[in-house]
Amino acid sequence: MTAMQTTRRGFLAGGAGLMLAMTLPLGKARAQAAAAAAEPFAPNAFIRIAPDDTVTVMIKHLEMGQGPYTGLSTLVAEELDADWAQMRAEGAPANAAEYYNSAFGTALLIQGTGGSTAIANSYMQMRKAGAAARAMLVAAAAEEWGVPAEEITVKAGVVAHEASGKSSGFGALSQAAAGQPVPEDPPVKDAKDFVLIGTDVPKLDTVAKTTGKAVFTLDVFRDGMLTVVVAHPPKFGATVASFDDKAALEVSGVEMVRQIPSGIAVYATNTYAAMKGRDALTVEWDDVNAETRGTAELFEEYSKAVAAGGVTVEENDDIAVLEDAAQILEAEYQFPYLAHAPLEPLDAVIEVKEGKADMWYGCQFPTVDRGTVAQVLGLPLEDVTINVILAGGSFGRRAQGSAHLAAEAAEIAKASGRDGAFKLVWTREDDLKGGYYRPMTVHKLRAGLDVDGNIIGWENVVANQSIMTGTPMEAMLQGGPDATSFEGSSGLPYNLGAKRIGWAKMESPVSVLWWRSVGHTHTGYAVETFLDEVLVAAGKDPVQGRLDLLPADAVRERGVIEKVAEISGWTGSTRDGKGYGIAYVKSFGTYVAEVVEIENRDGVPHITKVWCAVDCGIPVNPNVIRAQMEGGVGFALGTALHDRITLAPGGEVEQSNFHDYPMLRISEMPEVEVAIIQSDADPTGVGEPGVPPLAPAMANAWRALTGTKQYQLPFSGAIS
Amino acid sequence: MTSFTVNGRDVDLDIDPDTPLLWVLRDELRLTGTKFGCGVAQCGACTVMLDGMPRRSCVTPISMVEGSEVTTIEGMEGPEITAVQTAWEAIDVPQCGWCQSGQVMSATALLQQIPSPTDEDINNAMAGNVCRCATYVRIRQAIHDAAKTLEG
Ligand code: FES
Ligand code: FES
């Protein structure tokens, strides 16, 4: 890139072509002043048009498999009238002002990915950015060709003026376009004119991921880089009392050993030496503040807590009506801690040189991490650069309010006592034993029926730890209860008579985090299996029974339930030795209903087919939506069948790798049929909403087939 | 000193003989297409060809590789890998992508041995390859599609 020049209205022109830098808070265009020091990869831009016609979109949401590289680029390309083949995507670096997520509120600007918000919060912003760039290309062409702008058309990457026969690609116009004024509020297309939105454009990252060429964190190498693994305490809340690194330092390749706040760091010239060095450490841990209760003991305490009723977080009428019920049903559910287990374990590369720090990793909360790294290293924010690259899965694991991974990387750099590059690597054992779990949870449910089988009252008490408390995210609670603990138990669409939702907040040093669909992972299961049981007790069909409980205006809820019943050929009974179950859960603004077909193979549930109906508003890329539903089904199924993190008495985690925390295998994967509801509502996310309905639909099918009620997950065994 | 070939290239390394092939490929040779997911032969992300057979490189000490031919995803050639990658791309199999090098290697090995695999063959050959994103529906489809292309 040659020297940058600042042009009017904040456009940056240079050898690399047009860079459109704008943020659109509240839908209003606001050009960013060009930073004097801006470089081609400067962060204050969404769109970069190069002389070779390629259009690169800076993606402010982490690409971890859920598709924002493709989805957000589609929105830009649509309004830019680009050809899909010229589109590229790149992770946007940490910069709160440019890349904040509007769905996380504006009190504190956070650049981050979560809550299936990527498409929802980018839908207008990316389209407006594309539309503005298009208008500027057109204005530049009009000026150069001396023709009226209104007569110029743009189609599939070609700017043309029919009467004069002139035409051009974007690249050749980018310099001139950079000098054009930024349209304040460029018009966007009518949905009926969409060319790309709503079609299955090929994903931008597929080829690199099929050939082994995609670059993830573990693939980043810097000059003189050392690889670092950390010995973490075996119990949550424990700290280092003393350690002996003599044997570790004798391992060939081990360069140094340092104590850092999270444990003992071993630095080596290669990964294997670092691991071997860690194995050779002797560490004494101080357990004074550690969690020493085992899972069985914790469940007993949780059980007492739900019996006590918790604090009321939602209530309409007096739940005392239950005393007049003709029939009362009750159940208590137990859900274990769960690890996210992204297939690429946590890792990060940090390089500190002459008072500046650079990081490369699949970072999900860039601005939170950036602040933390600056603080640990005592650097001004501007001197910390976070380069966001592809992540090998996350499912919530990389979205850390505590910024613990970035902090650990920074502590490693700091403890080295010198400039240098370091790659922090967590092994699978570190990952599964390392906490930040989906909170273990107990639900107590009670429902009352009148003599006609109508539900007259519903009480649901939830006990678990709060995810947000104790992190910078706590500010978002504004002093209220942490709704991520009970979302989905609260806010139900069904008419259930008198209703009370209670929450008992539990405490433990075990760290917890959002796990793909967060509260809905357990509330969806408890609510939808218990409701099914209640409907059957009242002599009702699970599909019709649910529809009857919905108010007249619950059109989208009704839509997905009816659709899934239709495509699955729902009859309400078992056939050919197969059981069927339904569940419906709305999460993150997206409505999903699933029907599961199940077989009993020698007492083991085997799912043969899943039907899924999803309403996520305007489907931006139907292929990606289907992929996320398929993946959500498989992710939820593997977990429901096999997974739990348990603590032994004394507090140590009992699982260590995939032999005792099994992943779903291809032989267990059912056929999945997805129906997408056509809608003109604004689009909502699809990364998480496919997950919650699967396990309850499966349990409902299993009960229909075998009569067995499943009040504990996973299916593979009761939690002792 | 351990001597072997990687993607047709001679390699001589003076390194701890216990070092797993995976870390030699990644850290020493910078062939990063081969991934790490578990380190204990439970996920298949590290699958490479050792003398033409699929092998978990995370549990293959470098001492065992002496005199062998190693092929990683970067060095794969032939009709099977081409058919597999083309089929993978046609239906956008990858999500996060971390497992996919290993999936592609195992699928290629399967098609080299069984040109028209049944669902059961696929279940057996791909059982050791975990996809945490659960792209299994498409993996199965793409293997069938690749087999059809190879039939010609
Ligand atoms: S890393 Fe080798 S099988 Fe998982
Ligand atoms: S695509 Fe993510 S693990 Fe397979």
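The values are calculated or read from the model by the stated rules, or taken from the named source; none is laboratory data. Owing to the predicted nature of the structure, the values given are computational and were not obtained by experimental measurement. Virtual Cβ from ideal backbone geometry, glycine too; neighbours counted across all protein chains shown. SASA here: full protein model, heavy atoms, side chains in, ligands and nucleic acids out. Shrake-Rupley method; radii C 1.70, N 1.55, O 1.52, S 1.80 Å.
Data overview
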{"item": "Within chain A: Cβ-based charge dipole about Cα centre, in debye rounded to nearest 20 (Lys, Arg +1; Asp, Glu -1)", "result": "980"}
{"item": "Probe 1.4 Å, protein heavy atoms only - accessible area per residue of the range B:2-75 in square angstrom", "result": "37"}
{"item": "Cα-centre dipole for the range B:79-151 with unit charges at Cβ (Lys and Arg positive, Asp and Glu negative), debye to 20", "result": "220"}
{"item": "Sites A:ASP185 and A:GLU151, calculated FRET efficiency, Cβ-Cβ separation with R0 22 Å, nearest 0.05", "result": "0.45"}
{"item": "Which listed pairs, of A:LYS423/A:LYS586; A:LYS203/A:LYS276; A:LYS276/A:LYS414, have C-alpha distances above 32 Å, in listed order", "result": "A:LYS423/A:LYS586; A:LYS203/A:LYS276"}
{"item": "Antiparallel %, DSSP beta bridges [both residues in chain A], to 5", "result": "75"}
{"item": "Sequence ranges A:440-451, A:200-211, A:596-607, ranked by mean other-Cβ count within 10 angstrom, highest first", "result": "A:440-451, A:200-211, A:596-607"}
{"item": "Protein-protein interface of the range A:647-666, residues with accessible area decrease of at least 20 Å², isolated chain reference, 1.4 Å probe", "result": "A:ASN657, A:PHE658, A:HIS659, A:MET663, A:LEU664, A:ARG665, A:ILE666"}
{"item": "Full-stretch length increase - A:THR708, A:ALA331 - with 0.36 nm per residue and alpha-carbon distance subtracted", "result": "134.4 nm"}
{"item": "Buried solvent-accessible surface, both chains (B, A), 1.4 Å probe, Å² to nearest 100", "result": "4400"}
{"item": "Dipole moment magnitude, nearest 20 debye, the range A:260-343 about Cα centre, only Lys, Arg, Asp, Glu C-beta charged", "result": "980"}
{"item": "Selected from A:GLY115, A:VAL57, A:GLY105, residue furthest toward positive end of dipole (chain A; charges at beta carbon)", "result": "A:VAL57"}
{"item": "Potential extension, A:VAL536-A:ARG418 segment - 0.36 nm per residue separation minus Cα distance", "result": "35.7 nm"}
{"item": "Relative contact order computed over chain A (Cα-Cα under 8 Å; 6+ residues apart), in percent", "result": "14"}
{"item": "Zone residues, the range B:131-151, relative to B:THR82, backbone N less than 16 Å from point 7 Å out along Cα-to-Cβ", "result": "B:146-151"}
{"item": "5 angstrom amide H check on A:ILE110, placed H, neighbours 5+ away", "result": "A:ASN101"}
{"item": "Shielded by partner chains, the range A:204-244 residues - at least 20 Å² of accessible area, 1.4 Å probe, vs chain alone", "result": "A:THR206, A:VAL207, A:LYS209, A:THR210, A:THR211, A:GLY212, A:PHE216, A:LEU218, A:ASP219, A:PHE221"}
{"item": "Chain lengthening between A:LEU547 and A:GLU143 when straightened (0.36 nm per residue, less Cα-Cα)", "result": "139.5 nm"}
{"item": "Peptide A:340-346, shielding by other chains (average Cβ, 10 Å cutoff)", "result": "6"}
{"item": "FRET efficiency, 1/(1 + (r/R0)^6) with R0 35 Å, evaluated for B:GLU66 and A:LYS246 via beta carbons", "result": "0.60"}
{"item": "Label-point gap, in nm, between A:GLN478 and A:ASN454 - each point 7 angstrom along Cα→Cβ", "result": "3.6"}
{"item": "Highest to lowest packing among A:242-248, A:691-697, scored as the average C-beta count within 10 Å", "result": "A:691-697, A:242-248"}
{"item": "Shielding by partners - mean other protein chain Cβ count within 10 Å, residues of B:86-92", "result": "5"}
{"item": "Mean Cα-pair separation over length for chain B, i.e. relative contact order, pairs under 8 Å, 6 or more apart, %", "result": "25"}
{"item": "Heavy atoms of A:MET256: accessible area, 1.4 Å probe, square angstrom to 10", "result": "20"}
{"item": "Percent RCO, i.e. relative contact order, over the range A:89-243, from Cα pairs under 8 Å lying at least 6 residues apart", "result": "15"}
{"item": "Reachable aspartates and glutamates, given that their alpha-carbon falls under 12 Å from the alpha-carbon of A:LYS505 and they are not under 8 places away in the same chain", "result": "A:GLU301, A:ASP482"}
{"item": "Overall form of the range B:61-146 per C-alpha gyration tensor (a/c, 1.5; a/b vs b/c)", "result": "prolate"}
{"item": "Hz values of 3J(HN,Hα) by residue in the range A:488-503 - Karplus curve (6.51, -1.76, 1.60), Gly and Pro given as x", "result": "x, 8, 7, x, 6, x, 6, 7, 10, x, 5, 9, 9, 10, x, 9"}
{"item": "Net +/- balance of residues flanking A:ALA526 in space, Cβ distance below 13 Å, scoring K and R +1, D and E -1", "result": "-4"}
{"item": "Backbone HN-Hα couplings from phi across the range A:85-99 [Karplus 6.51/-1.76/1.60, Hz, Gly and Pro as x]", "result": "5, 8, 7, 9, 9, 8, x, 7, x, 5, 6, 4, 5, 7, 10"}
{"item": "The protein assembly as shown - percent of accessible surface contributed by carbon and sulfur, probe 1.4 Å", "result": "50"}
{"item": "Computed [θ] at 222 nm, helices only, for the protein assembly as shown once each DSSP H run of length n ≥ 4 contributes -39500 (n - 2.57)", "result": "-8500 deg cm²/dmol"}
{"item": "Listed peptides A:68-81, A:153-166 by packing density, highest first (mean Cβ within 10 Å)", "result": "A:68-81, A:153-166"}
{"item": "Average beta-carbon neighbours from other chains, 10 Å sphere, peptide A:624-635", "result": "4"}
{"item": "Three-way shape call for the range A:166-208 based on the alpha-carbon gyration tensor, with the a/c threshold at 1.5", "result": "oblate"}
{"item": "Reachable lysines from A:LYS189, criterion Cα separation under 16 angstrom, eight or more residues apart if same chain", "result": "A:LYS128, A:LYS155"}
{"item": "Å² of accessible area per residue within the range A:197-238, as computed with a 1.4 Å probe and no ligands counted", "result": "34"}
{"item": "Shape call, chain A: gyration tensor on alpha carbons, a/c limit 1.5", "result": "oblate"}
{"item": "Local electrostatic count, A:PHE335, Cβ distance below 12 Å [Lys/Arg +1, Asp/Glu -1]", "result": "0"}
{"item": "16 Å Cα-Cα reach of A:LYS499 towards aspartates and glutamates, excluding residues that sit fewer than 8 places from it in its own chain", "result": "A:GLU314, A:GLU315, A:ASP317, A:ASP318, A:GLU323, A:ASP324, A:GLU330, A:ASP450, A:GLU459, A:GLU487, A:GLU528"}
{"item": "Pairwise FRET efficiency - A:ASP324 versus A:ARG88, Cβ, R0 = 60 Å, nearest 0.05", "result": "0.40"}
{"item": "Spin-label pair A:THR106/A:ASP200, simplified geometry with 7 Å Cα→Cβ offset, distance in nm", "result": "3.9"}
